[in-house]
């Protein structure tokens with residue numbers, strides 16, 4: 001029969017293993033979620049025709065804000 005110390009140690013080890021697997025699950029879920037969002041951000045946007053008087057969006061930062 002197992003000694004009480006050994007049972008306690010096994011119980012603690014099982015709890016630690018379950019905690020590690022729980023953390024791995026959280027990290028995996030976060031990684032997969034971020035990967036999904038990155039995929040959504042990388043999809044091309046639908047082109048919307050702009051009127052002749054519309055202001056064009058800036059493609060680069062203003063010269064005053066850029067750091068060289």
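For this structure, a couple of remarks:
- Selection status of residue 13, more than 22 Å from the chain's Cα centre (by Cα) and modelled with pLDDT of 80 or more: yes
- Filter result for residue 55 (within 27 Å of the chain's Cα centre (by Cα) and either modelled with pLDDT of 80 or more or outside any helix (DSSP H, G or I) (or both)): no
- Residue pairs meeting the criteria (Cβ under 7 Å; at least 6 apart or on separate chains; first without any contact (Cβ under 8 Å) to a residue 24 or more places away in the chain, in segment 4-24; second part of a helix (DSSP H, G or I) and exposed (fewer than 10 other Cβ atoms within 10 Å of the Cβ)): none
The values are calculated or read from the model by the stated rules, or taken from the named source; none is laboratory data. All of these numbers come straight from a predicted model, not from anything done at the bench. Note: ideal-geometry Cβ built from the backbone for every residue, glycine included; neighbour counts use all protein chains shown.
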